[in-house]
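The values are calculated or read from the model by the stated rules, or taken from the named source; none is laboratory data. What you see is a predicted model, and the numbers here were worked out from it, not measured in a lab. Cβ placement follows ideal geometry from the backbone for every residue including glycine, while neighbour counts extend to all protein chains displayed. When the accessible area is computed, the model is the full protein with side chains, heavy atoms only, and any ligands, DNA or RNA have been set aside. Shrake-Rupley method; radii C 1.70, N 1.55, O 1.52, S 1.80 Å.
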Amino acid sequence: MSAVADNYARLQALGVEVLSVSVDSHFVHKMWNDHELVKMVDGGVPFHMASDQAGNIGRAYGVWDEGQGIELRGRFLIDPDGIVQAMEVMTPPVGRKLAETIRQVQAFQVVRASKGTEATPAGWMPGDPVLRPGPDLVGNVWKVWKPSMEK
Amino acid sequence: MSEPVGCGRVSGAVSGEGPPPAPGPDTERKKEVLVTARVGQKAPEFAAPSYYRGGFTPVKLADFAGKWVLLCFYPGDFTFV
């Protein structure tokens, strides 16, 4: 979570609000913030740290681990209409890479701004060409994009 | 907005759900909450207690309507990754 907190300004600049959820109480969230996270991130965690001790939210999002009574590492990107556009769920030992989340936010924002007329190819980064799906693009993607263009 | 700080065990809940039925011999156990989060579908609404910038502030997904939201679940506070 400290990685997300540390990149909060970048996320805010993209108009993204952050919400974290775990089965810890909000009291424990406070202690974690005040005693550890504040030493990793200036000013501490700037977003809501929600508490889901009974796992109800985790169940609804498919990240509840019944055996351990915890929530798996799950990341959901929700658009301004409340639609889930992307999700990633991982077992606990491997952390997320926030740069990929930010890339996906930027890609989904391009698609949304185009009202669905544009799509971003594999490996797309901001500034790269986008695809405009339509009759002329069928069989012609190779003219505008190849796998070797992925950085 | 803040909420009273009590000693009870608190939790978030999927919004719109009633309280769980009282257990009894004739009461069927409530079915497991269905996983409803799917890409391309409406995100399940919820409300939960939260810690926010020094205070205890309830939060709902609906508070962020009209904005992009990054919702992150993680295994627990004071874990190492």
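Before moving on, here are some points about what is shown:
- Failed condition for residue A:99, given (1) modelled with pLDDT of 95 or more; (2) more than 26 Å from residue A:25 (Cβ to Cβ); (3) within 16 Å of the chain's Cα centre (by Cα): (1)
- Boolean, residue A:19 is under 17 Å from residue B:67 (Cβ atoms), surrounded by fewer than 18 Cβ atoms within 10 Å (Cβ to Cβ) and not basic (Lys, Arg): no
- Some residue of segment A:13-23 being under 16 Å from the mean Cα position of the chain (by Cα), assigned to a helix (DSSP H, G or I) and either at the interface with chain B (Cβ under 8 Å from one of its Cβ atoms) or within 23 Å of residue B:16 (Cα to Cα) (or both): no
- Among the candidates A:117, A:101, the residue that is farther than 16 Å from residue A:11 by Cα and of a type in the set (S, T, N, Q) is uniquely A:117.
- Subset of segment A:66-82 [acidic (Asp, Glu) and within 14 Å of the chain's Cα centre (by Cα)]: A:79
- Restricting segment A:35-90 to residues that are surrounded by fewer than 20 Cβ atoms within 10 Å (Cβ to Cβ) and touching a residue at least 40 places away in the same chain (Cβ under 8 Å) leaves a set whose member that is nearest to the other protein chains (Cβ to nearest Cβ) is A:46.
- The condition of being within 11 Å of chain B (Cβ to nearest Cβ), open to solvent by 10 Å² or more (accessible area, probe 1.4 Å) and touching a residue at least 24 places away in the same chain (Cβ under 8 Å) holds for only one of A:95, A:123, that being A:95.
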